[in-house]
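Worksheet: one structure, shown below.
Laboratory data are not the source of any read-out in this text; all were calculated from the coordinates shown. What you see is a predicted model; the values in this text were computed from it and never measured. Glycine gets a Cβ as well: all are built from the backbone with ideal geometry, and neighbour counts include every protein chain shown.
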Amino acid sequence: MAKNIVQAWLGDNFYQLAPELQQIHTKGGVLAGEIDVILGTGISKFIGQRLAKKLNIPGAGKMQLKVDISHDEQALYWRRVFNGTHQVESIFQPQGTQQHGYWLETTGPLTMKLTVDVVDSAWHWRCLGFKFLGVPLPVWLFPQSKAYKRIENGQYRFFVGFHAPLFGHLLSYSGLLQVQS
């Protein structure tokens, strides 16, 4: 069986992922469920609201999320739809392999240089750098991000969060998603 781009990039570490994560990254699919979007407080809330707007996330609270994941030979594609109205599309392009490379995630004018750590069968993104409108920027200029996906009782648990030194928690969205047939 030919390897897809995720298998090729992760190498043997691909098989350390939970089988459900392996499947969604080889066959693609649609995940859906209720999530929580949480903003910080005080000035952090203001910054988090601006970040949510830039990411096209419709504010704080409980909402529905649908994620369509697919790939071809060049990239992994994620199409997220919040409450059926706010769409966020990301293109993940592998560069090299896990040992000597990274992923480029492009979402609108922002490109993040990411690597993946496989920990306890889960996928953890780690940010290595940023470009805005193609211009490289120092990592310290952007909020720190934390993102992971793991399997919990057969469902897809994920977390994406942003934190800034001096301000604390800015924005996060997380939940438990089910594979749609």
(message) I need the phi-derived Karplus couplings for region 92-103: 6.51 cos²θ - 1.76 cosθ + 1.60, θ = phi - 60°, integer Hz, Gly and Pro marked x.
(response) 10, 10, x, 10, x, 10, 4, 5, 9, x, 6, 10
(request) Between Arg50 and Tyr15, with labels modelled 7 Å along Cα→Cβ, what's the label distance in nm to one decimal, could you check? (result) 4.9 nm
(request) Determine, for Tyr77, Tyr15, the number of other Cβ atoms within 10 Å of each Cβ, and report the residues in order from fewest to most. (result) Tyr15, Tyr77
(request) In whole Å, largest first, what are the principal axis extents of the Cα atoms in region 5-180? (result) 45, 35, 28
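Counting only C-alpha contacts under 8 Å and six or more residues apart, can you give the relative contact order of region 5-180 as a whole percent? The partial results should precede the final answer.
On the way: 401 pairs, mean separation 41.2, N = 176.
So the answer I get is 23 percent.
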(message) Let me see the P(r) profile for region 87-181: every Cα-Cα distance counted, bins of 10 Å, each bin given as a percent of all pairs.
(response) 14, 41, 36, 8, 0
(message) Apply the Karplus curve 6.51 cos²θ - 1.76 cosθ + 1.60, θ = phi - 60°, to the phi angles in region 66-74 and return the couplings in whole Hz, x for Gly and Pro.
(response) 10, 10, 9, 10, 8, 7, 9, 6, 9
(request) Return the sequence-ordered ³J(HN,Hα) values of region 80-87 in whole Hz as given by the Karplus equation 6.51 cos²θ - 1.76 cosθ + 1.60 applied to θ = phi - 60°, using x for Gly and Pro. (result) 9, 10, 8, 6, x, 10, 10, 9
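Within a Cβ distance under 14 Å of Pro109, other residues only, what is the Lys/Arg minus Asp/Glu net charge?
Numbers: positive: Lys53, Lys54, Lys131; negative: Glu89, Glu105.
Summing Lys and Arg as +1 and Asp and Glu as -1 gives +1.
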(request) Calculate I(q)/I(0) for region 117-158 by the Debye formula, one identical point scatterer on each C-alpha and no solvent, and give its log10 at q = 0.18 Å⁻¹ to two decimals. (result) -0.63
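At a Förster radius of 25 Å, what calculated FRET efficiency corresponds to the Cβ-Cβ distance of Asn153 and Val119, to the nearest 0.05? Before the final figure, lay out each step's value.
Values: r = 19 Å, r/R0 = 0.75.
Efficiency computed from Cβ-Cβ geometry: 0.85.
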